[in-house]
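First the structure, in the form of structure tokens, and then the observations on it.
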2 protein chains.
Amino acid sequence: MSVTSDSEIGTARIHQEEILEAAALCFMERGYNASSIDDVARRLGSTKGRIYHHYRSKADLFADVYRYGMELNAAAIKPLCGAYDDPVEKLKAMAKVHCLTMLRTRPFQRCVWEGVSLLMRGATTPEQRETLVELQGLRESYAIRFREVIEDARESGKTDFESSGIATQIFLMALNSPIFWYSPRDTDDDEQLNEIASRCTRFALQGLGIGKEYLQDV
Amino acid sequence: MSVTSDSEIGTARIHQEEILEAAALCFMERGYNASSIDDVARRLGSTKGRIYHHYRSKADLFADVYRYGMELNAAAIKPLCGAYDDPVEKLKAMAKVHCLTMLRTRPFQRCVWEGVSLLMRGATTPEQRETLVELQGLRESYAIRFREVIEDARESGKTDFESSGIATQIFLMALNSPIFWYSPRDTDDDEQLNEIASRCTRFALQGLGIGKEYLQDV
DNA sequence: CTTGGAGCATACTACCGGGTATGTTGTCAA
DNA sequence: TTGACAACATACCCGGTAGTATGCTCCAAG
């Protein structure tokens, strides 16, 4: 991992992304603890050596999968941040894009999910604890993006709920839900994903009390 | 496990329920795979021997936790089944009770959740596979109860969604969500739980498109 | 052309945890 | 009183897995 030039960093990332994807698939299918490093290696058609050359431990590998998943999320909603006046319109766009990202990068998002509830405990080494807090921070700051817009929407009088904290939790949960109950078709039709995302988004927005007149174009 | 009389079955259940609760707590905190039988035993202040006297394997123990959790769910909504004319009112009641049960029996419900996504894979022994299908069936038939009422509500024209399958999934997800983001207060105030359940229920019903005029008394 | 290191593979160790075999104690019925 | 069994505890085995130590190969710089 002692790379020097930028190009070498680039190629290293490429090699690692291959590993990341295989790891995400394994972790999604069997969970973190039930997946062995050998499982990941087997999926890559290689051996442990390759993985341990790039990652110091299984926990490190998982952390990188988690981080990558969160990066995908952050990148997806980034273009929307300064592009709307109406908070409801902004929330609509963010929700839809978030849900679509969930569906398109499902293995990584399942890992993010497991990481939240699983790595919290498990209390491994002291320095991994530190990494974990950082990852948890990524997730929280992402959620706060939504929470702020939800609060703005409430101030505009177009919603009706009490606690924005709770509302944000249920809201995101509704948007995340398809990564659990949706199994991608053999024809991974992007139209199909769009349909699912639309319905989830509409449900979530209506859940906040946003009127149906705002939901025609979702 | 070779009990004979009814009373002995009763006492056996009592002893086992103690184990079930400890197991549910362990599985909730660290997940199934990360929890060892010794962990469960330690929480009970005993040793492996006690657990393996009542359960033939770790998977059997987990299955019983799962089953118990589903029994709690089924028992909670049972009184509501024939008590309503308006499907929307029935759905309201079922949703509220379901959400409250989630909150009150959180450790078991977390196990039910993990069981769904984790035991599906993992493909252990062939006969455990059989048990697993049975448990999966419990969960599905429970979900169908909701789906039917949701379909009735749609036919009454008080909702607006396309696929009742997807709607049911998101609906239940919204109601289940607090078992993940709600940490019980030291004062396990039942009023507090009621408040959470109310908000989740309102969100879920609104998500289906049910008008706010129906949600005053939730 | 050689040497150092990246990028793996191979072989091995150490340990944890599921499962078992066996011992111990209390209780209850005959 | 005794034996039989439930309800555990103790001691042990053993397979799987994280992690390591080392070997191999190719490439690029000097």
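About the Cα centre of the range A:16-104, how large is the charge dipole given +1 on each Lys and Arg Cβ and -1 on each Asp and Glu Cβ? Please answer in debye to the nearest 20.
The dipole magnitude comes to about 200 debye.
Distances in nm, one decimal, shortest first, from B:D188 to the same residue in every other copy, taking the label point 7 angstrom along Cα→Cβ.
Computed spacing set for this position: 4.3 nm.
Rounding to the nearest 20 debye, state how big the charge dipole of the protein assembly as shown is about its Cα centre with +1 on each Lys and Arg Cβ and -1 on each Asp and Glu Cβ.
860
What is the Cα radius of gyration of the range B:142-218 over 2.2 N^0.38 Å, N being its residue count?
1.20
Going down the table (A:K96/A:K212; A:K92/B:K212; B:K92/B:K212; A:K96/B:K158; A:K90/B:K92; A:K212/B:K90), which pairs top 19 Å between alpha carbons?
Violating the 19 Å limit, Cα to Cα: A:K92/B:K212; A:K96/B:K158; A:K90/B:K92; A:K212/B:K90.
What's the long-distance tail for the range B:11-116, i.e. % of Cα pairs beyond 16 Å?
Percent of Cα pairs beyond 16 Å in the range B:11-116: 59.
Given Cα pairs under 8 Å that are at least 6 residues apart, what percent is the relative contact order of the range A:58-214?
31
Test of understanding: express the Cα radius of gyration of the range A:58-214 as a ratio to 2.2 N^0.38 Å, with N the residue count.
Computed over Cα atoms of the range A:58-214, the ratio equals 1.08.
Quick one: dipole size for chain B, taken about the Cα centre, charges +1 on Lys/Arg Cβ and -1 on Asp/Glu Cβ, in debye to the nearest 20.
Taking the Cα centre of chain B as origin, the dipole is about 580 debye.
DSSP loop trypsin sites (Lys or Arg not before Pro) in the range B:145-218 with at most 14 other Cβ atoms within 10 Å of their Cβ, which ones?
B:R185
Restrict the search to the range B:21-97; then list the trypsin sites (Lys or Arg not before Pro) that DSSP places in a loop and that have at most 11 other Cβ atoms within 10 Å of their Cβ.
B:R56
Considering only B:A34, B:Q109, B:A75, whose Cα is most displaced toward the positive end of the charge dipole of chain B, charges sitting on Cβ of Lys, Arg (+1) and Asp, Glu (-1)?
Comparing the listed Cα positions along the dipole, B:A34 ranks first.
Can you give the percent of C-alpha pairs in the protein assembly as shown whose distance is more than 40 Å?
21
At A:E18, with labels set 7 Å past Cα in the Cβ direction, how many nm apart are the copies from this one, shortest first?
5.6
Since every read-out is calculated from the coordinates, none of them should be taken as a lab result. Nothing here was measured: the structure is a model prediction, and the numbers come from that model. Glycine gets a Cβ as well: all are built from the backbone with ideal geometry, and neighbour counts include every protein chain shown.
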